[in-house]
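Written out below as structure tokens is the structure these notes cover.
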Amino acid sequence: MSDKKTSKKPIKLSLRTKDQLKGLVFVSPFIIGVIMFFAYPIFLSLRLSFGKIDSIVGLKISWAGITNYTRAFLIDVEFLPTFLEVIKDTIVKYPLTIILSLIIAILLNRDIMCRGLFRVIFFVPFLLGSGEVMKQLLNQGVDNQVLNIMDGRIIPYNILNYFGSTIVGGVQNILSIMVTVLWGCGVQILLFLAGLQSISPALYEAAKIDGATEWEIFWKVTIPMISPMLLLNLIYTMVDSFVSITNPMLEYIQSFGFTKGQFEYAAAMGWIYFAFVGAVVAIVFALMKNYMHTNEVEEVKKRGKDKKHRVFTIEKAPRRTFE
């Protein structure tokens, strides 16, 4: 018998699988860090929310059920008002941040003088005024002093007296919100700029040849092409607003955990807050799913899996013979 040499065939990976493996390699440090440093604290926090600390030495925890959760909704008279205040503040600032960031990014993307300088000007406040620095500035009333119309320097006193204190106070509150929004939208502007610069100029030229107006080009070309970056900005802005250091909900939770020493109740409020933020993010993902722009190859594959859609492909037609 002749010896048969068996040779192993090399494993062939598709391009999509190779891209997924590359992405896994890049995120592996984060995954390892989460497993090593965050997995146990997260589990302990969840256990604390359903338990009661019997002894701080050795952290002995006994089962308490949903007592801490019912306390937040039924007993604590400050939890829900603080929660609603955070939601109201987010509803006001969230769309303003997205809209103003997109407008500024479109303006900075145009061919203007000192474009790089303007980009730095809009991003530097985010670097300097983040975290504890921003908290101290707001405590000193910087947001009200930047555009203060009540001192008569921007608008004369006789005009302010004509409108009354109610209207003037409302305008001042709007200007203060605009200052804080512009102060923290540097990342969003850079993300939108990256999306705008990835759009091929040929698309705009083709749209103009077809007679499209600037308004139609914005909605039919710009928005669809930057939809992935728009989704990223929507999620980032939402999470950033809910975890900001100036967030009163986080300050309320920290006061129970680190000042009053009620770790169980603080953990329960933290998980309620986390569940709410996660639900909102999931809703945004679900709403934006059908409006995301994908390349032609992914679109064909997506429609090919769906039997309701027919995919038309160009094939070589058979030659017809005539007798």
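You will find that of K52, K12, K18, the residue that is of a type outside the set (D, E), out of contact with any Pro (no Cβ under 7 Å at 6 or more places or on another chain), surrounded by 10 or more Cβ atoms within 10 Å (Cβ to Cβ) and more than 18 Å from A266 (Cβ to Cβ) is K18 and no other. Checked against (1) of a type in the set (S, T, Y); (2) more than 30 Å from T180 (Cβ to Cβ); (3) in a helix (DSSP H, G or I), S62 passes all but condition (3). Here I189 clears all of (1) crowded, with 17+ Cβ neighbours inside 10 Å; (2) among the aliphatic types (A, V, I, L, M); (3) not in a helix (DSSP H, G or I) except the condition numbered (3).
Here G65 fulfils each of the conditions (1) modelled with pLDDT under 90; (2) more than 22 Å from F256 (Cα to Cα) apart from (2). Note on region 250-265: residues that are touching a residue at least 60 places away in the same chain (Cβ under 8 Å) and among the hydrophobic types (A, V, I, L, M, F, W, C) total 1. For region 218-255, a residue qualifies if it is among the β-branched types (V, I, T), closer than 16 Å to V281 by Cβ and surrounded by fewer than 19 Cβ atoms within 10 Å (Cβ to Cβ), and the qualifying residues are I235, V239, V243.
Restricting N233, N247 to those that are within 30 Å of E78 (Cα to Cα), in contact (Cβ under 8 Å) with a residue 60 or more places away in the chain and of a type in the set (S, T, N, Q) reduces the list to N247.
The values are calculated or read from the model by the stated rules, or taken from the named source; none is laboratory data. Since the structure is predicted, the reported quantities are computational estimates derived from the model, not experimental observations. Cβ: placed from backbone, ideal geometry, glycine included. Neighbour counts: every protein chain shown.
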